[in-house]
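What follows is a single structure, written as structure tokens, with notes after it.
The values are calculated or read from the model by the stated rules, or taken from the named source; none is laboratory data. It should be emphasised that the depicted structure is a prediction, and the values quoted were computed from it without experimental measurement. Cβ sites come from the backbone with ideal geometry, for glycine too, and all protein chains shown count toward neighbours.
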Amino acid sequence: MTATIIDGKAIAKRIKDEIAEEIKVRNQFGMPAPGLATVLVGDDPASQIYLRNKIRTCEQLGIRSFSYTLPADAEQAELEQLIRTLNENPEIHGILVQLPLPPQIDEYQILSLIAPQKDVDGFHPINAGMLSRKESDPWFIPCTPSGILILVQSIVSDIAGKEVVVIGRSSIVGMPTAQLLCRNNATVTICHRQTQELPKICRRADILVVAVGNSRMVKSSWVKPGAVVIDVGINRIPDPADPSKTILTGDTDFDEIVNVASAITPVPGGVGPMTIAILMRNTLAAARREKPL
Ligand code: GUN
């Protein structure tokens with residue numbers, strides 16, 4: 001069997017085209033452009049690249065971006081003051097604080113300060129809590145998990161009753177992905193560093209989501225034939241063909257697994273583009289809630 005390669009780039013493009021179209025119509029009705037504030041603390045190169053992509057996509061779709069950078073040694077109070085100002089600014093509909101934050105900053109405190117209606121990352125404890133309860137709908141659901149659900153549904157239209165295994169329990173990806181898929185009635189197992197017999201548990205999965213940040217950790221022998229594999233990893237490693245260069249790899253051994261799975265996301269071009277598209281969708285949703293068309 002050769003797996004279907006799930007084209008996250010193409011699916012993300014369709015979502016972005018729809019967003020651009022809606023923003024154009026809103027403009028024609030004299031409505032202000034959605035506004036996204038991005039906050040970076042420090043100069044981590046990976047975070048800079050991620051943010052540059054987000055800001056460029058805003059420009060392409062007609063979303064105004066407001067970008068703020070604080071020095072790596074910024075104090076908690078300075079960042080808190082910035083968040084308060086952004087909460088009050090009516091031109092800003094969404095606020096994104098790029099993670100991770102430097103060690104002197106209390107990340108939970110910062111995320112808790114973002115107005116839940118502007119929390120386009122879905123990381124505020126109110127939004128995270130509402131995601132965990134079936135009877136409540138959060139203002140926003142985190143971007144990568146939302147993108148993963150769309151990618152899975154492009155292959156399996158109804159995931160109710162499917163066996164899902166999520167490797168990784170981060171607050172950004174693993175945990176909210178497990179909660180979101182569970183809300184959609186999948187049977188979900190969450191695995192992490194302390195999990196015993198990880199390969200055996202993975203082999204149960206109809207849908208395997210891997211978000212560990214460990215290059216090519218998941219081997220084909222861990223994958224049930226016909227499973228759908230979602231690889232969230234983005235790892236930069238030396239290029240075996242030319243060690244002076246680097247290549248991007250996922251958390252799964254794509255070349256092996258492509259012969260076992262029924263579908264798999266590539267790295268790059270799978271989950272990554274979806275995260276940005278959903279961030280744009282959440283920002284438009286924030287503007288739409290404030291001023292419906
Ligand atoms: N760092 C890695 N992924 C993300 C994300 O989705 N949002 C934010 N704010 N920071 C991140």
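Data table
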quantity	calculated
Every pair of residues 6+ apart whose Cβ atoms lie under 6 Å, when the first sits in the stretch 131-142 and is farther than 17 Å from Ala178 by Cβ while the second is within 16 Å of the ligand (Cβ to nearest atom)	Trp139/Pro116; Trp139/Asn127; Phe140/Asp119; Phe140/Val120; Phe140/Gly122; Phe140/Asn127; Phe140/Asn282
Failed condition for Leu149, given (1) surrounded by 23 or more Cβ atoms within 10 Å (Cβ to Cβ); (2) more than 13 Å from the ligand (Cβ to nearest atom)	(1)
Every residue from the stretch 143-160 that is in contact (Cβ under 8 Å) with a residue 60 or more places away in the chain and assigned to a loop (DSSP other than H, G, I, E, B)	Ser154, Ile155, Val156
Residue, surrounded by the most Cβ atoms within 10 Å (Cβ to Cβ), within the stretch 269-293, restricted to residues that are in a loop (DSSP other than H, G, I, E, B) and in contact (Cβ under 8 Å) with a residue 60 or more places away in the chain	Gly270
Ser215 more than 16 Å from the ligand (Cβ to nearest atom) and either closer than 19 Å to Pro142 by Cβ or not in a strand (DSSP E or B) (or both)	yes
Residues of the stretch 37-66 satisfying the condition of being part of a strand (DSSP E or B), under 19 Å from Ile278 (Cβ atoms) and more than 13 Å from the ligand (Cβ to nearest atom)	Arg64, Ser65
Any chance Gln196 is modelled with pLDDT of 95 or more, within 24 Å of Val258 (Cα to Cα), surrounded by fewer than 16 Cβ atoms within 10 Å (Cβ to Cβ) and out of contact with any Leu (no Cβ under 7 Å at 6 or more places or on another chain)	no
Test for Gly122: is it under 30 Å from Val229 (Cα atoms), in a helix (DSSP H, G or I) and small (Gly, Ala, Ser)	no
